[in-house]
Amino acid sequence: MIKADATFLGHSTVLIEIGNARILTDPVLIDRVTILRRAVGTLPADLYRDIDAVVISHLHLDHLDVASLRLLGTDVQLIVPRGSGRLLERSGFRNVVELPRGKSIVVDGVNVTATHAVHSGFRPPFGPNAEALGFVFEEGGESVYFAGDTDMFDEMADLEGVDLALLPVWGWGPRLGPGHMDPQRAADALRVLKPRLAVPIHWGTLWPIGMGRVTPDRLEQPPLEFAKAASERAENCQVIVVAPGTTVPIPR
């Protein structure tokens with residue numbers, strides 16, 4: 001049985017508690033980022049206290065939010081893509097580790113490995129340009145895969161058999177650009193990954209101001225479409241859909 005807990009805080013932000021470590025992915029903890037507004041309730045601060053490490057999948061503004069990182073303190077350990085360390089050090093963070101694809105670091109007994117991702121790593125509007133990553137967390141023979149933002153890729157087959165897959169199924173607007181998975185594509189990824197459990201992320205949280213009135217279904221439907229497609233394409237995988245701010249009820 002997997003020993004990890006995962007709390008979906010919204011968009012691509014997940015609190016992963018595995019072994020003795022509390023690891024936060026792509027923290028967006030505030031209610032507004034540029035033109036995007038949080039479409040669900042404000043996060044309680046106790047959900048992101050005592051964080052041992054933060055992983056950043058790529059430099060887009062809805063994944064690397066400096067204001068949110070400052071809520072965690074400038075001494076928090078940041079594990080970031082190659083090419084992004086200097087940006088964060090200039091922003092005052094003192095414990096930054098660049099982790100290239102395929103390399104690992106140990107955080108409180110948890111092995112953290114950077115994986116491939118198919119997504120732009122450019123930081124708008126002026127850069128820098130860095131790798132885009134996913135991450136695998138392993139402890140005690142159990143594993144969690146956080147895909148970040150990505151389309152499917154050939155090396156995904158190397159991750160077959162992870163216990164829990166956190167997969168993006170949408171984004172922050174009515175359409176998806178390149179380097180993303182829609183619900184059906186994410187369900188296809190389950191065929192390759194063959195996880196025991198899957199949780200859809202990257203949906204239902206950040207939305208352009210006023211856009212929810214135009215396409216409200218894209219805020220709510222993607223995870224349900226993913227679960228339906230997964231039941232048809234990856235019947236041995238249990239999909240758990242939870243609202244932002246909810247701990248995934250992983251059976252022990």
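Could you do me a favour and compute the accessible area per residue for the chain, 1.4 Å probe, result in Å²?
Value returned for the chain: 42 Å² of accessible area per residue.
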- Message: Show me the trypsin sites (Lys or Arg not before Pro) within segment 1-85 that DSSP assigns to loop and that have at most 11 other Cβ atoms within 10 Å of their Cβ.
- Response: 49
- Query: What are the semi-axes of the equivalent ellipsoid for segment 56-149, taken as the square roots of 5 times the Cα gyration tensor eigenvalues, largest first, in whole Å?
  - Reply: 21, 16, 11
- Task: Between residue 246 and residue 231, with labels modelled 7 Å along Cα→Cβ, what's the label distance in nm to one decimal, could you check?
- Result: 1.6
- Can you list the residues, at least 5 places off or on another chain, whose amide H is less than 5 Å from the amide H of residue 245, using H built in the peptide plane? 8, 9, 10
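Provide the gained length on full extension for the span residue 154 to residue 184, in nm with one decimal, where the gain is 0.36 nm per separating residue minus the Cα-Cα distance. Intermediate results must be reported in sequence, preceding the final value.
Working: separation 30, 0.36 × 30 = 10.80 nm, distance 1.73 nm.
The span from residue 154 to residue 184 would gain 9.1 nm if fully extended.
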- GluC sites (Glu not before Pro), loop per DSSP, at most 16 other Cβ atoms within 10 Å - longest free stretch of the chain: 1-159
- Along Cα→Cβ, 7 Å out, is where each label goes; now give me the distance between the ones at residue 47 and residue 90 in nm to one decimal. 3.2
- Which ³J(HN,Hα) values in Hz, rounded to whole numbers, follow from the phi angles of segment 69-78 under the Karplus curve 6.51 cos²θ - 1.76 cosθ + 1.60, where θ = phi - 60° and Gly and Pro get x? 4, 5, 5, 8, x, 6, 9, 4, 6, 10
- Query: Which Cα, out of 157, 121, 210, lies furthest along the positive dipole direction of the chain (beta carbon charges, K/R +1, D/E -1)?
  - Reply: 210
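Using DSSP to define loop residues, name the chymotrypsin sites (Phe, Trp or Tyr not before Pro) in segment 19-125 whose beta-carbon has at most 13 other beta-carbon atoms within 10 Å. List each step's numbers first, then the result.
Numbers: sites: 48, 93, 122; in loops: 93.
For chymotrypsin sites (Phe, Trp or Tyr not before Pro) across segment 19-125 that sit outside H, G, I, E and B with at most 13 neighbouring Cβ atoms in 10 Å, the list is empty.
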- Item | Cα-projected label distance for residue 67 with residue 224, points at 7 Å along beta-carbon direction, nm | 3.2
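Quick check on the chain: helices-only [θ] at 222 nm, where DSSP H runs of length 4 and up contribute -39,500 (n - 2.57) each and the sum goes over total residues. Nearest 500, please.
Working: 5 runs with 39 residues, N = 252.
Per the formula, -4000 deg cm²/dmol.
Below 13 angstrom from the Cβ of residue 133, what's the summed charge of the other residues (Lys, Arg +1; Asp, Glu -1)? Can you show the working numbers first?
Details: positive: 82, 101, 103; negative: 26, 98, 131, 149, 155.
Residues close to residue 133 contribute a combined charge of -2.
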- What FRET efficiency do you get for residue 101 and residue 209 if R0 is 30 Å and r is their Cβ-Cβ distance, rounded to the nearest 0.05? 0.30
- Task: Have a look at 75, 108, 46 and tell me which one the Gaussian network model of the chain (Cα, springs below 10 Å) gives the largest fluctuation.
- Result: 46
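Just add up the charged neighbours of residue 120: K/R +1, D/E -1, any other residue whose Cβ is under 14 Å from the Cβ of residue 120.
Working: positive: 123; negative: 62, 131, 149, 151.
Net charge in that neighbourhood comes out at -3.
Rg/Rh for the chain: what does it come to with C-alpha atoms and Rh from Kirkwood?
Numbers: Rg = 16.5 Å, Rh = 17.8 Å.
Rounded to two decimals, Rg over Rh is 0.93.
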- Query: Considering the Cα trace of segment 168-235, what is its radius of gyration and what is Dmax, both in angstroms?
  - Reply: 12.4, 38
- Item | Sequence of 35, 16 from largest to smallest accessible area, 1.4 Å probe | 35, 16
- Message: So, R0 is 41 Å and r is the distance between the beta-carbons of residue 194 and residue 34; what FRET efficiency does that work out to, to 0.05?
- Response: 0.65
- If one builds a Gaussian network model of the chain from Cα atoms under 10 Å apart, the most fluctuating residue listed among 103, 194, 228 is 103
- Query: What figure in square angstrom, to the nearest 10, would you give for the accessible area of residue 170 with a 1.4 Å probe?
  - Reply: 30
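The values are calculated or read from the model by the stated rules, or taken from the named source; none is laboratory data. Computed from a prediction, not measured in an experiment: that's the story for all the values here. Because the Cβ atoms are built from the backbone with ideal geometry, glycine has one as well, and the counts that use them run over all protein chains shown. We work out accessible area using only protein heavy atoms, side chains counted, and drop any ligands, DNA or RNA first. Shrake-Rupley method; radii C 1.70, N 1.55, O 1.52, S 1.80 Å.
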